[in-house]
Amino acid sequence: MDKYFWNREYTIWMVLSAIIIVIWGFITMTIFTSHNNKEESFLDSELRSFEGEVHSTLKTYEEFSNFLYQEINGSKEISEIMYKANFASKEKKNELRMSLYDLLESSYLNMQNYYFRQLHFHLPNTESFLRMHRPSKYGDILSSVRESVRIANKNEVYTTGFEEGRIYNGFRFVYPLNYKNTHTGSVEVSISSASIVEVLSKLYPKKDFIFVMDKKVVKEKVFDDQLSNYLESNVSSKFLVDKEVEEISLGYKNTIPKNDKDFFSKVVKNHESDIENWNDFAIPIDYDGQNFMVKFLKIENIKKIPVAYLISVSENNEYPKIYKDLYQQIFLVTILAFFIIIFGLILASYQYKLKMASQYDHLTKIYNRHKFLEIVERELKKLKRYKHSCAVILMDIDFFKNINDTYGHEWGDQVLRELATSIEKNIRQTDVFARWGGEEFIIFLSHTNESNAFNVADKLRKIIEEETTEKLKEITLSLGVSLVLEDDSSINDSIDRADEAMYNAKRTGRNKVCCYSNLNK
């Protein structure tokens, strides 16, 4: 923006506009903060809701397993078998094992109808005594791979939580067994991750559930011959999924898009850090024109180490409403600020035009005579106080009437514009340059003696004479120079002398500079 445009009215309005923008920014920031809090609260509510669904399901199974434990611990036959197994020979253990299996076979089959997978007995040293789901597999010491069994037997306390297994993984409820005040081992009742997925899918049919395990944990814990039961998850290459779990998830699938790998790649893309750090999170996602809510709930093992994620996917049309409210509020605030600024700019523009008309020449956009005199009179007071020399150059275009008569007034107007531009580029910023009238222009030079003023005038004369633009070609100037004298009553005295010198330049041949001081020599 040039110096003519930059005026007090625009400066004031620019400051006010800046204040309006700052206020708009503050309000917008407040709206965004409110939105973020609302969004965070909404997502946290969604996550807590999911956590509650899982917790209530597990709590139900825990209560059921407590009931089974009471039945087992209250059975004299089972208690005696476990007591005797602690002191029995290998052959005798086998007999006791089969007896225990026969006693519990029907109960175990009934448990499976309620999605329980394991009923597993252990001796105090964590030796596997009887796996009801696999009675032929026994005798292995579990303390190094089953923290729940180790704690239950070492501390003789009830232990519960998710735990990876050598074959199966699941949520385990491990109870210490006692007979005649003697610790005789422990019994585990467990529900597999596949069962949890199936139960949740039945309880919440409008949601899809996926259970994925950390690939490193699976490869570390699962028997090598059982790794074929796992597939790489479409959620992320970081996870594996049990084939049985995958089959159940697919069986109840009604929400997740068909191309679930692409769907989850979009989910994971912005939450790789959360997944890497095992953070719980809920994420809204727009996929193929549908709105979904995806929730990741980490599953920790007995040691409180995250080893898996339970994932919920559902359609969600509530979250977009939060953004709709945000956009509406931002739009209204922005429109209001926009109209205030535009109205102000229109008002400032109107004031600017009035100011331009009163202070600037409408054709050349440089100062007019009135503004020139106002500025120079103000400057002279300062210069005279400190006795600084200053000068005036008055110039006139030679034979300008011929230009108008030959080429027309539009051509003449363009000559005046280009001349003003050329001169303005070749004087100091401190010099005051104005159109004096018609084809006459004037320059006030502060801190300048007559010799320097003459040099400036002659330089300008040569520049215009040598100008090669279409309009200024062959244009010449006649210039008059006068010092401002200390006893001048006003700047007009100096201008009158410069005017006399200028007309002397015209009388003596034009295209020249004359100083007033040389007229009477």
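Straightening the chain between GLU467 and LYS381 buys 27.3 nm, computed as 0.36 nm per residue apart minus the Cα-Cα spacing.
When both the range 320-380 and the range 421-462 are represented by their alpha-carbon centers, they are found 31 Å apart. Mean residue ellipticity at 222 nm, helices only, the chain: -17500 deg cm²/dmol; runs of at least 4 DSSP H residues each add -39,500 (n - 2.57), and the sum is divided by the number of residues.
For the chain, the relative contact order comes to 11 percent (Cα pairs under 8 Å, sequence separation of at least 6). In order along the range 232-241, the phi-based Karplus estimate (6.51 cos²θ - 1.76 cosθ + 1.60, θ = phi - 60°) of 3J(HN,Hα) comes to 5, 6, 6, 5, 6, 5, 6, 10, 10, 10 Hz; Gly and Pro are listed as x.
Is there a quick way to get the dipole size of the range 369-518? I mean about its Cα centre, with the Cβ of Lys and Arg at +1 and of Asp and Glu at -1; what is the value in debye to the nearest 20?
Computed charge dipole of the range 369-518: roughly 440 debye.
Between the alpha-carbon centres of the range 282-304 and the range 126-172 there is a gap of 30 Å. Entry note, the range 369-518: relative contact order of 30 percent, from Cα contacts under 8 Å with a spacing of 6+ residues. Calculate the spin-label point distance for LYS266 paired with GLU486, positioning each point 7 Å from the Cα along the beta-carbon direction, and give it in nanometres. Going from the GLU486 label point to the LYS266 one covers 8.7 nm.
Shape class of the range 136-228 from the Cα gyration tensor (axes a ≥ b ≥ c, square roots of the eigenvalues): oblate, since a/c reaches 1.5 or more and a/b does not exceed b/c.
Highest average first, the peptides 15-22, 282-289, 475-482, 386-393 ordered by how many other beta carbon atoms sit within 10 Å of their residues are 475-482, 386-393, 282-289, 15-22. Scanning the chain for DSSP H helices at least 27 Å long along the axis (C-alpha atoms) with a Kyte-Doolittle mean no lower than -0.5 picks out 8-73, 319-359. Assuming R0 = 25 Å, what is the FRET efficiency of ILE141 and LYS92, from their Cβ-Cβ distance, to the nearest 0.05? Taking R0 as 25 Å, the efficiency between ILE141 and LYS92 is 0.80.
Across the range 204-317, Cα pairs under 8 Å and at least six residues apart give a relative contact order of 30 percent.
For the range 481-487, putting each phi into the Karplus relation 6.51 cos²θ - 1.76 cosθ + 1.60 with θ = phi - 60° gives couplings of 10, 9, 6, 8, 8, 4, 8 Hz, in residue order, rounded to whole numbers and with x for Gly and Pro.
Here, each number is a calculation from the coordinates, and none is a lab measurement. Please read these numbers as outputs of a predicted model, since none were measured by experiment. Counting neighbours? That spans all protein chains shown, and the Cβs are built from the backbone with ideal geometry, glycine included.
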